[in-house]
Structures are given as structure tokens and as C-alpha cells.
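For reference, the structure is listed below as C-alpha cells.
The values are calculated or read from the model by the stated rules, or taken from the named source; none is laboratory data. Just so we're clear, the structure is a prediction, and the values are computed from it rather than from any experiment. Glycine also receives a Cβ, built like all others from the backbone with ideal geometry; neighbour counts cover every protein chain displayed.
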């Protein structure tokens, strides 16, 4: 397998898989979340914190996503990272249901497919 990095930091591989690219984007988004953890886990209004996550964290995670060919495994990885973010934001464990609490529908994969 060969990889070619383009000017913007995306990785193109000959097998049309974007696993490495998706994982690196998710890691960058999680690092950005952790840098702003104090703000994102504060007592600010829930809607404001959700907007910050969508505008600041998901922009990092989804950069170049319109070129990704999403396989089911990739979708599961992206959805789990979305749940990771919402759980950290609300300070709840993995056993609790987070989507009803943050009033979200878990739509990051749908956003990627639309783009």
C-alpha cells in the first residue's frame, strides 16, 4: 500500500480507504476538545456549548470528509467519537444514554454523507 500526502495534510491511499485520515482527524478533534475542556464542561447554556462543539470541534474532525468513502467500520468509529464528545461535555459515563440528555440525534455521519 502506498500513501501520498497532499498539500493540506490529507492522506490518499491506493485502496480507497480513509482509515488513517479519519483516525487522525478524530484524534485532532479530541485533542482540541481536551484543550477547551474547561469551557465545554462548564455551566454555560447547553445550546451554547453544543454550538461551540459543532463549530469548533467538528470542523476539525470533518475537514476533508467530503472526499471520504465511508465504510461501516468507519461510520461506527466516527459515531463513537461523537458520543465520546457529548459524554465528556455532559460529564456522564458510557453507561448512561447521552443523546436525549444533550437533545441531539447523533447526526455526524449524516452530515458527512450530505457533504
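Which of the residues spanning region 40-92 are more than 13 Å from the chain's Cα centre (by Cα), outside any helix (DSSP H, G or I) and surrounded by fewer than 17 Cβ atoms within 10 Å (Cβ to Cβ)? Result: 41, 42, 43, 44, 45, 69, 70, 71, 91, 92. Screening 109, 98 for residues that are surrounded by 11 or more Cβ atoms within 10 Å (Cβ to Cβ), more than 14 Å from residue 22 (Cβ to Cβ) and modelled with pLDDT under 80 leaves exactly one candidate, 98.
Please indicate, with yes or no, whether at least one residue in region 19-29 is loosely packed, with under 11 Cβ neighbours inside 10 Å, at pLDDT 80 or above, closer than 19 Å to residue 112 by Cβ and out of contact with any helix residue (DSSP H, G or I) (no Cβ under 9 Å at 6 or more places or on another chain). No, region 19-29 contains no residue that is loosely packed, with under 11 Cβ neighbours inside 10 Å, at pLDDT 80 or above, closer than 19 Å to residue 112 by Cβ and out of contact with any helix residue (DSSP H, G or I) (no Cβ under 9 Å at 6 or more places or on another chain).
Selection of region 48-87 for residues being within 17 Å of residue 36 (Cβ to Cβ) and free of Cβ contacts under 8 Å to residues at least 12 places away in the same chain yields 48, 51, 54, 55, 59, 87.
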